Each structure stands twice: as structure tokens, then as C-alpha cells.
1. Could you line up ARG12, ARG117, ARG71 from fewest to most neighbouring Cβ atoms inside 10 Å?
2. With a bin width of 5 angstrom, please list the P(r) values of the range 84-196 as percents of all Cα-Cα pairs, from the 0 bin to the one holding the largest distance.
3. Can you tell me the alpha carbon radius of gyration of the range 3-77 divided by the globular rule-of-thumb value 2.2 N^0.38 Å?
4. Pairs of alpha-carbon atoms within less than 8 angstrom and 6+ residues apart define the contacts here; what relative contact order does the chain have, in percent?
5. Take peptides 195-207, 17-29, 118-130, 159-171 and line them up by average Cβ neighbours within 10 Å, highest first, as a rough protection proxy.
6. DSSP beta bridges in the chain, what fraction antiparallel, as a percent rounded to 5?
7. Select from the chain the helices, each a whole stretch of DSSP H, whose alpha-carbon atoms run 20 Å or more along the helix axis and whose Kyte-Doolittle mean is at least -1.0; answer none if there are none.
8. Starting from the eigenvalues of the Cα gyration tensor, five times each then square-rooted, give me the equivalent ellipsoid semi-axes of the range 1-42, largest first, whole Å.
Amino acid sequence: MSEKQVSASVIRRLPRYYRFLGMLAENGTERISSGELSAKMGLTASQIRQDLNCFGGFGQQGYGYNVVALREEIGKILGLDLPKKTILIGAGNLGRAILTHMNFEEKSFSIAGIFDRDENYTGEILEGIAIRHTDDLEEFCQAEKPDVAILCVPKMASEDLVRRLVAVGIKGFWNFSHYDIGVHYPGLAVENVHLGDSLMTLCYSMQDLENRGEKEE
């Protein structure tokens with residue numbers, strides 16, 4: 001099966017496999033079966049085998065998976081072996097929290113520039129990088145040629161920023177704004193992060209648990 005035919009649900013599980021295999025490697029585990037991995041991840045062994053078979057055969061009958069080798073292969077599938085120069089737009093609370101707590105280098109993203117329209121932030125050093133005004137975006141991007149932009153700005157500011165960023169060659173967006181980039185620019189790689197949606201999903205899950213408990217009673 002080619003990667004173009006792989007379902008979104010399978011792709012969504014790959015980072016989780018990568019993370020779990022990393023923890024196993026740190027604990028000294030050299031090999032693991034699909035059954036053992038399923039018990040740790042809460043998936044079925046069949047599901048794991050089907051997911052991995054989308055990209056070729058990685059395991060051996062009677063041996064299982066080599067933990068380090070499988071993690072490396074999944075990393076390549078995810079593109080973690082390809083460095084991506086990244087800029088962050090929006091140096092407010094959300095942008096600062098992301099920069100402080102996310103290990104970008106580990107995932108092959110290097111922060112090359114930080115921008116904000118608030119002049120009070122201009123020149124401030126954040127994680128070793130001087131914050132620039134958004135007026136400097138085009139000049140910076142033409143010189144540094146970043147691949148990815150992280151948007152930590154309100155929706156009303158996003159439309160113009162995205163237009164400018166696309167014009168200077170940005171191909172990928174980690175989008176924390178509520179502006180639907182993919183609708184207007186279908187040729188881009190966009191990962192939307194809606195924290196409110198995640199919270200509402202939690203709300204549903206709690207309600208579902210409560211309803212199932214009532215039925216059992």
C-alpha cells in the first residue's frame with residue numbers, strides 16, 4: 001500500500017507508536033511482540049500489525065519487533081529525519097508556553113524566528129531568540145527560507161498573516177488560531193489545534209461514561 005492510501009486514523013497513531021517505542025528503548029527493551037505492545041498501548045495486536053503493514057513488514061515471525069529499528073523506521077515515515085526551519089507568530093502566553101515546554105529539536109523542528117505585532121515585545125529575548133515585529137516577516141523569510149509557521153494569534157489576525165506567509169513560501173502550519181487555513185489554501189500541510197474542541201471531547205467522554213454506568217445499574 002502506498003503512503004497516499006494510508007488512512008488519517010493510521011497516521012494519527014504513528015506518533016503514539018513512536019513515543020511508546022522510545023520509552024521502551026529507554027527502559028532497555030530490545031524487542032517486543034505486537035501482543036505485548038498492544039497491552040501497553042490499549043490497542044489490539046491485529047490493529048498494530050495492520051497499521052505497520054501499511055508501510056511494509058517490520059516484524060519477524062517468532063521474534064517480534066526490534067524496538068530501536070522500528071522506532072527509527074516510524075521516525076522516517078513521519079519525516080523526523082528531515083530538518084524543518086520554523087517560525088512562531090505570536091509571543092503571548094500561548095506562544096511562550098509552547099516555546100518553553102515543547103522540545104522542537106527532538107522532532108526535527110528548529111525555531112529560527114519569533115514574531116509579534118506588539119512593539120513592546122520587539123527585541124525581547126525568548127528562548128535565546130530576539131522577538132521581531134511582524135512587519136519584518138517578509139524580509140526575514142526571504143533571507144532564512146523557513147518551512148513551517150506556528151500560529152499563536154487570534155483568528156482575526158490570521159487571515160492576513162497566512163496570506164503573507166504563503167506568499168513567501170511557507171508550506172506547513174501548526175495552527176492554534178481558529179482560522180481554517182485548509183479551506184482557503186488546500187495545497188498546504190496544516191495541523192489545526194483546537195483546545196476548546198479537545199475539552200468538549202473530554203466533556204462528551206465523561207457524559208458517555210456516566211450514561212453507561214446508569215445503564216449497567
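Quick note: the coordinates plus some simple rules give every number you see, no bench work behind them. Keep in mind that what you see is a predicted model, and the values were worked out from it rather than measured. When we count neighbours, we look across all protein chains shown, and the Cβ atoms used for this are built from the backbone with ideal geometry, even at glycine.
1. Fewest-to-most ranking of ARG12, ARG117, ARG71: ARG12, ARG117, ARG71.
2. Per 5 Å bin, starting at 0, the Cα pair percentages come out as 2, 12, 25, 27, 22, 10, 2, 0.
3. Ratio of Rg to 2.2 N^0.38 Å for the range 3-77: 1.00.
4. 13 percent
5. Packing proxy ranking, top to bottom: 159-171, 17-29, 118-130, 195-207.
6. 20 percent
7. Those that clear 20 Å and a mean of -1.0 are 8-26, 195-216.
8. Square roots of five times the eigenvalues give 23, 11, 10 Å.
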